[in-house]
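Please read the structure below before turning to the comments.
The values are calculated or read from the model by the stated rules, or taken from the named source; none is laboratory data. All of these numbers come straight from a predicted model, not from anything done at the bench. Cβ coordinates were reconstructed from backbone atoms using ideal geometry, including for glycine residues, and neighbour counts include every protein chain displayed. Accessible surface areas use protein heavy atoms only, side chains included; no ligands, DNA or RNA. Shrake-Rupley method; radii C 1.70, N 1.55, O 1.52, S 1.80 Å.
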Amino acid sequence: GGAMATPTKTIQTALLALQSVASGAIVISTVLDVSTAFEAALGIRFGRRAATALTVPCYFRIEASFVASGDTNWIPLFTVASDTAAVEAEAATGTNNAGQAVVTVAATANLADGDFVFIDNTTIANSEWKRIKSIVTNTSVTFEENLANAQSAGAATLYDGANAWALVVPVLSVKRLRVVVDNSGTGQAIAVEVTAITADSIG
């Protein structure tokens with residue numbers, strides 16, 4: 001038998017850094033050159049910044065270009081859509097430091113184990129997505145992972161109903177990729193982040 005093949009992968013700069021997308025806005029990510037890659041994976045995360053239902057979903061169009069430059073050739077590969085239902089909003093209480101998994105809240109109604117939560121921080125770059133592991137009724141929620149940032153009273157609000165998609169895209173015959181966030185009809189601001197990795201070679 002021969003030596004085991006080792007894949008070479010490149011973690012790309014975020015196509016869309018964590019940011020708020022205004023109500024009615026359409027945001028286009030930076031373009032990922034996949035001309036020398038044979039596969040790409042995209043991570044899309046969506047978070048709510050208000051508790052009321054969306055009028056229509058926020059749509060994420062993954063688009064490909066078959067030419068090396070210019071913007072006249074973008075074609076959708078596929079589209080994913082956010083949930084639209086009203087969600088629970090709970091303000092953090094007290095001081096919840098980075099490196100711990102617990103956030104204290106005054107109420108836990110409508111939150112449940114397994115809920116995917118966007119922690120909306122007044123400094124948007126300090127926001128984060130977490131999944132609830134356990135709940136102490138009307139006291140605190142514990143997440144599956146520790147906080148990356150402090151999420152304390154006056155700065156952080158928990159919204160459930162977040163979404164995430166991991167999308168593997170065969171790009172052997174594609175030159176470039178981008179993601180279009182279509183928040184035009186939702187009626188409210190949302191939060192989004194798009195990350196990417198490419199498989200470049202197998203040696």
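So, in region 127-172, exactly how many residues are within 22 Å of V192 (Cβ to Cβ), part of a strand (DSSP E or B) and either free of Cβ contacts under 8 Å to residues at least 12 places away in the same chain or open to solvent by less than 50 Å² (accessible area, probe 1.4 Å) (or both)?
Residues that pass the stated criteria total 12.
Looking at T108, T104, T95, can you tell me which residue is over 22 Å from the mean Cα position of the chain (by Cα), part of a loop (DSSP other than H, G, I, E, B), among the polar types (S, T, N, Q) and surrounded by 14 or more Cβ atoms within 10 Å (Cβ to Cβ)?
That would be T108, the only listed residue that is over 22 Å from the mean Cα position of the chain (by Cα), part of a loop (DSSP other than H, G, I, E, B), among the polar types (S, T, N, Q) and surrounded by 14 or more Cβ atoms within 10 Å (Cβ to Cβ).
Determine which member of the set A37, A51, A64 is in contact (Cβ under 8 Å) with a residue 60 or more places away in the chain, assigned to a loop (DSSP other than H, G, I, E, B) and crowded, with 18+ Cβ neighbours inside 10 Å.
Numbers: A51 fails: crowded, with 18+ Cβ neighbours inside 10 Å; A64 fails: assigned to a loop (DSSP other than H, G, I, E, B).
It is A37.
What number goes with the only condition from (1) at pLDDT 95 or above; (2) among the hydroxyl-bearing types (S, T, Y); (3) more than 20 Å from Y159 (Cβ to Cβ) that S20 does not pass?
Failed condition: (3).
When both residues are 6+ apart or on different chains and their Cβ atoms are under 6 Å apart, which pairs have a first residue that lies in region 72-91 and is without any contact (Cβ under 8 Å) to a residue 12 or more places away in the chain, and a second that is open to solvent by less than 70 Å² (accessible area, probe 1.4 Å)?
Taking only residues 6 or more apart or on different chains, the pairs are N73/S65; N73/V67.
Looking only at region 67-79, filter to residues that are among the polar types (S, T, N, Q) and more than 25 Å from A162 (Cα to Cα); which one of those is surrounded by the most Cβ atoms within 10 Å (Cβ to Cβ)? Quick ask: steps written out before the conclusion?
The first filter runs over region 67-79 and keeps only residues among the polar types (S, T, N, Q), leaving 69, 72-73, 79.
Narrowing further to those that are more than 25 Å from A162 (Cα to Cα): 69, 72-73.
Details: S69: 11, T72: 7, N73: 14.
Only one residue tops the list, namely N73.
Within region 93-101, is even one residue in contact with a strand residue (DSSP E or B) (Cβ under 8 Å, 6 or more places away or on another chain), free of Cβ contacts under 8 Å to residues at least 40 places away in the same chain and more than 30 Å from K175 (Cβ to Cβ)?
Within region 93-101, the first condition is being in contact with a strand residue (DSSP E or B) (Cβ under 8 Å, 6 or more places away or on another chain), and the residues that meet it are 93-94, 96, 101.
Narrowing further to those that are free of Cβ contacts under 8 Å to residues at least 40 places away in the same chain: none.
No, every residue in region 93-101 fails to be in contact with a strand residue (DSSP E or B) (Cβ under 8 Å, 6 or more places away or on another chain), free of Cβ contacts under 8 Å to residues at least 40 places away in the same chain and more than 30 Å from K175 (Cβ to Cβ).
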